[in-house]
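**Q** Pasting in a structure now, in structure tokens, and then I'll have a few things to ask.
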Amino acid sequence: MAAASSHHLSATPSVDCAFNAGQIFGRKLRSSSSVKFSSKQSIKTVRMALKEDGPSVAVVGVTGAVGQEFLKVLKERDFPYRSLKLLASKRSAGKHMTFEGREYLVEELTDDSFGGIDIALFSAGGSISKKFGPLAAAQGTIVVDNSSAFRMDDGVPLVIPEVNPDAMAHIKLGSKNGAIIANPNCSTIICLMATTPLHRHAKVKRMVVSTYQAASGAGAAAMAELEQQTREVLEGKEPTCNIFTQQYAFNLFSHNTKIFPNGYNEEEMKLVKETRKIWNDQDVRVTATCVRVPVMRAHAESINLEFDKPLDEGTAREILKNSNGIVVIDDRAANHFPTPLEVSNKDDVAVGRIRQDASQNGNYGLDIFVCGDQIRKGAALNAVQIAEKLLQE
Ligand SMILES: NC(=O)c1ccc[n+]([C@@H]2O[C@H](COP(=O)([O-])OP(=O)(O)OC[C@H]3O[C@@H](n4cnc5c(N)ncnc54)[C@H](OP(=O)(O)O)[C@@H]3O)[C@@H](O)[C@H]2O)c1
């Protein structure tokens, strides 16, 4: 599997979707760094290709934050397709989208949407996945699902292509056997992209994760709410709280998922359980604290690691520099480390603050700080990479 794509700090190629979620949020935020992303891969000019021998593809939830990113990523990676079906709710049915110079009508998702569809990329929420995922798979479609609906189900591979591609090796495109492949939670993907290369080298025994999660993780409406609240607060008005129950602009709060009886919220437990499944290691000890911060796009995570074998920071830095899908930003002299702005719209996950954990004896502990665009590698890109793997079989 080709790992992370060729993506560079220069502007992301524009997508000719008439309905572009990114446009809702006004001007683009500037990134100030000169860090080169994906220097390990060559940069190619890409054109999405309508190819007779490509799979028929459906995008479910195409009007949402992840759905729009699916289209961008498919185009940038020149993903071959025979036909493309754009699906959303009744509310969006009939909307026009221009993609690759062609006009598409958004269709309402129904029981009949999947006849003849080879690959369906789902991002319309867990309840929609639960209802329509199995229905699509029963009709021979391979579903790549972004929701949490099936992640922990036995028999459903939970895949990060750079980490555990073998988990989906038995699923074959063209076999007429439908299947569901789950995309891990965005925080889990970003965390394991950075930690798996180190885990392979020295085996992680315990991991403590603290997240700083962006509005985009909660979808297009949450991003719009952060922008609206910011304007309202600056104008001295009461901030509108529709998506979140409390003020988000100029504030931060514990992640908005439900709290379990053990005191952890759902997002934190996803990190715990999904890590064990993806690493196929029920003994790895993981604890997490997940926090929403008023950042528009891209999550940050502070990760403390305890290893079974010694691993010094210099070796860790070299391992990460040579890992696919990772860029190291670790300039102590300039106090320059990963930021959400710098990784926004980028494929690579950025790692920095790589340092020996002073609280542990010997070289058995490391601290790292990680940033990743969770709409991209945490959702759409990861799913498209999974679809690309299906093409390679
Ligand atoms: N945002 C992220 O970073 C991220 C990361 C990983 C996973 N995910 C997961 O991806 C999914 C979508 O997230 P998002 O952030 O893209 O949300 P979003 O911006 O709110 O978009 C939701 C999408 O689902 C569609 N939808 C809603 N109800 C539907 C229905 N009854 N039938 C068909 N389509 C329906 C919406 O269509 P309408 O426009 O017609 O309402 C819209 O296209 C969620 O499961 C989320 O947990 C998101």
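FYI, it's all coordinate maths here, none of it is from the lab. This one's a predicted model, so the numbers in the text were calculated from it and none came from an experiment. As a convention, Cβ positions derive from the backbone with ideal geometry for all residues, glycine included, and neighbour counts pool all protein chains shown.
**Q** Using Cα springs under 10 Å in a Gaussian network model of the chain, which residue among Gly61, Gly178, Gly101 shows the largest mean-square fluctuation?
**A** Gly101
**Q** Follow-up question, since we're still on this one. Pick from Ala350, Ala137, Ala194: which residue has the top mean-square fluctuation in a GNM of the chain where Cα pairs under 10 Å get a spring?
**A** Fluctuation is largest for Ala137.
**Q** What's the magnitude of the charge dipole for segment 110-198 around its Cα centre, counting Lys and Arg as +1 and Asp and Glu as -1 at the beta-carbon? Answer in Debye, nearest 20. Write out the running numbers ahead of the final one.
**A** Numbers: 5 positive and 8 negative charges, 10 e Å.
Its charge dipole is roughly 40 debye.
**Q** A follow-up question, please. State the extension gain, in nm to one decimal, for the chain segment bounded by Thr240 and Ser210, taking 0.36 nm per residue of separation less the distance between their alpha-carbons. Write down the numbers at each step before the final one.
**A** Numbers: separation 30, 0.36 × 30 = 10.80 nm, distance 2.76 nm.
Full-extension gain reported as 8.0 nm.
**Q** Taking the alpha-carbon centroid of each part, what is the distance from segment 234-259 to segment 164-218 in angstrom?
**A** So the separation of the two Cα centres works out to 29 Å.
**Q** Still on this structure, please answer the following. What FRET efficiency, computed as 1/(1 + (r/R0)^6) with R0 = 35 Å and r the Cβ-Cβ distance, is obtained for Val284 and Lys130, rounded to the nearest 0.05?
**A** It comes to 0.80.
**Q** Related question: Quick one: dipole size for segment 195-295, taken about the Cα centre, charges +1 on Lys/Arg Cβ and -1 on Asp/Glu Cβ, in debye to the nearest 20.
**A** Numbers: 13 positive and 11 negative charges, 146 e Å.
Once rounded to the nearest 20, the dipole reads 700 debye.
**Q** In deg cm²/dmol and to the nearest 500, what is the mean residue ellipticity at 222 nm of the chain if only DSSP H runs of at least 4 residues count, each as -39500 (n - 2.57), divided by the residue total?
**A** On the way: 9 runs with 100 residues, N = 393.
Mean residue ellipticity, 222 nm, calculated: -7500 deg cm²/dmol.
**Q** Here is a further query. Could you order peptides 123-130, 167-174 by the average number of other Cβ atoms within 10 Å of their residues, highest first?
**A** Numbers: 123-130: 19.1, 167-174: 15.5.
Listed from highest to lowest mean packing, they are 123-130, 167-174.
**Q** Need the full-extension length gain, Arg200 to Thr230, defined as separation in residues times 0.36 nm minus the C-alpha distance. One decimal, nm.
**A** Details: separation 30, 0.36 × 30 = 10.80 nm, distance 4.28 nm.
Length difference between fully extended and current span is 6.5 nm.
**Q** Among Lys346, Lys131, which comes first, second and so on when ranked by fewest other beta-carbon atoms within 10 Å? All intermediate terms of the calculation are to be shown ahead of the outcome.
**A** On the way: Lys346 26, Lys131 13.
Least to most surrounded, the residues fall as Lys131, Lys346.
**Q** Something else: Taking the Cα centre of segment 254-393 as origin, work out the dipole magnitude from +1 charges on Lys and Arg Cβ and -1 charges on Asp and Glu Cβ, in debye rounded to 20. Write down the numbers at each step before the final one.
**A** Numbers: 18 positive and 22 negative charges, 71 e Å.
Using only the charged Cβ atoms, the result is roughly 340 debye.
**Q** If N is the number of residues in segment 310-373, what value comes out of its Cα radius of gyration divided by 2.2 N^0.38 Å?
**A** Values: Rg = 12.2 Å, N = 64, 2.2 N^0.38 = 10.7 Å.
Rg over 2.2 N^0.38 Å, computed on Cα atoms: 1.14.
**Q** Let me ask something additional. For the pair Ala221 and Lys51, what calculated FRET efficiency results from E = 1/(1 + (r/R0)^6), where r is the Cβ-Cβ distance and R0 = 35 Å, to the nearest 0.05? Let's see the in-between values first.
**A** Details: r = 35 Å, r/R0 = 1.00.
With a Förster radius of 35 Å, E is 0.50.
**Q** Give the separation of the Cα centroids, segment 306-335 to segment 73-121, in Å.
**A** Segment 306-335 and segment 73-121 have Cα centres spaced 40 Å from each other.
**Q** Further question on the same structure: What per residue convex hull volume, in Å³, do the alpha-carbon atoms of segment 126-249 yield?
**A** Spread over its residues, the Cα hull of segment 126-249 gives 146 Å³ apiece.
**Q** Here is a further query. If you add up the charges near Asn382, with Lys and Arg at +1 and Asp and Glu at -1, over every other residue whose beta carbon is less than 13 angstrom from its beta carbon, what do you get? Intermediate results must be reported in sequence, preceding the final value.
**A** On the way: positive: Arg77, Arg151, Arg376, Lys377, Lys389; negative: Glu69, Asp145, Glu162, Glu274, Asp347, Asp348, Asp373, Glu388.
So the environment of Asn382 carries a net charge of -3.
**Q** Provide the per-residue ³J(HN,Hα) series for segment 284-299, in order, calculated from phi with Karplus coefficients 6.51, -1.76, 1.60 and θ = phi - 60°, each as a whole number of Hz, with x at glycine and proline positions.
**A** 5, 9, 10, 9, 8, 10, 10, 10, 8, 10, x, 10, 5, 8, 5, 8
**Q** Among Phe253, Tyr264, Thr240, flag the residue with its Cα farthest along the positive direction of the charge dipole of segment 238-287, charges on Cβ as +1 for Lys/Arg and -1 for Asp/Glu.
**A** Farthest along the dipole direction, towards plus: Tyr264.
**Q** Round to the nearest 10 and give me the degree value, 0 to 90, for the angle of helix 126-138's Cα axis relative to the longest principal axis of the chain.
**A** Helix 126-138 and the main axis of the chain meet at about 60 degrees.
**Q** Further, regarding this structure: Only bridges with both residues in segment 156-309 count here: give the DSSP antiparallel percent, nearest 5. Intermediate results must be reported in sequence, preceding the final value.
**A** Working: 11 of 20 bridges.
Roughly 55 percent of the beta bridges in segment 156-309 run antiparallel, per DSSP.
**Q** Quick one: angle between helix 381-392 and the longest Cα principal axis of the chain, in degrees between 0 and 90, rounded to 10, please.
**A** Around 70 degrees separate the two axes.
**Q** Based on the inverse mean of 1/r over its pairs of different Cα atoms, what is the Kirkwood hydrodynamic radius of segment 272-326, in Å?
**A** Details: mean 1/r = 0.0706 Å⁻¹.
This gives a value of 14.2 Å.
**Q** Counting each pair of different Cα atoms once, what's the Kirkwood radius of segment 248-287 in Å, rounded to one decimal?
**A** Every distinct Cα pair counted, the radius reaches 11.5 Å.
**Q** Give, in nm to one decimal, the length gained when the segment between Thr110 and His96 is fully stretched (0.36 nm per residue of separation minus the Cα-Cα distance).
**A** Working: separation 14, 0.36 × 14 = 5.04 nm, distance 1.84 nm.
Net length gain for the segment: 3.2 nm.
**Q** Report the local net charge at Ser210: Lys and Arg +1, Asp and Glu -1, summed over other residues whose C-beta lies under 11 Å from its C-beta.
**A** Local net charge: -3.
**Q** Report the Stokes-Einstein translational diffusion coefficient (µm² s⁻¹, integer) for segment 75-196, Rh taken as the Kirkwood radius over Cα pairs, at 37 °C with viscosity 0.692 mPa s.
**A** Values: Rh = 15.6 Å.
It diffuses with D of about 211 µm²/s by this estimate.
**Q** How much space per residue, in cubic angstrom, does the convex hull of the C-alpha atoms of segment 264-393 take up? Spell out each step's value before the answer.
**A** On the way: hull volume 19.2 nm³, N = 130.
It comes to 148 Å³ per residue, whole-number rounded.
**Q** Gaussian network model of the chain, Cα springs within a sub-10 Å range: biggest mean-square fluctuation belongs to which of Ile243, Ile278, Ile375?
**A** Ile243
**Q** A further question follows. Return the Rg/Rh ratio of the chain with Cα-based radii and a Kirkwood Rh. Intermediate values should be presented prior to the final figure.
**A** Details: Rg = 20.3 Å, Rh = 21.4 Å.
With Rg and the Kirkwood Rh in hand, the quotient comes to 0.95.
**Q** After finding the eigenvalues of the alpha carbon gyration tensor for segment 213-330, what semi-axes result from the square roots of 5 times each, listed largest first in whole Å? Before the final figure, lay out each step's value.
**A** Details: eigenvalues 226, 75, 26 Å².
Here the semi-axes work out to 34, 19, 11 Å.
**Q** Non-local amide H neighbours of Leu84 (under 5 Å, H modeled in plane, Pro and chain starts lacking H): which ones?
**A** Result for Leu84 returns Val57.
**Q** What is the antiparallel percent of DSSP beta bridges lying wholly in the chain, to the nearest 5?
**A** On the way: 29 of 62 bridges.
Here the share of antiparallel DSSP bridges comes out near 45 percent.
**Q** Could you tell me the calculated FRET efficiency between Thr315 and Val293, based on Cβ-Cβ distance and R0 = 35 angstrom, to the nearest 0.05?
**A** On the way: r = 31 Å, r/R0 = 0.90.
E(calc), rounded to 0.05, equals 0.65.
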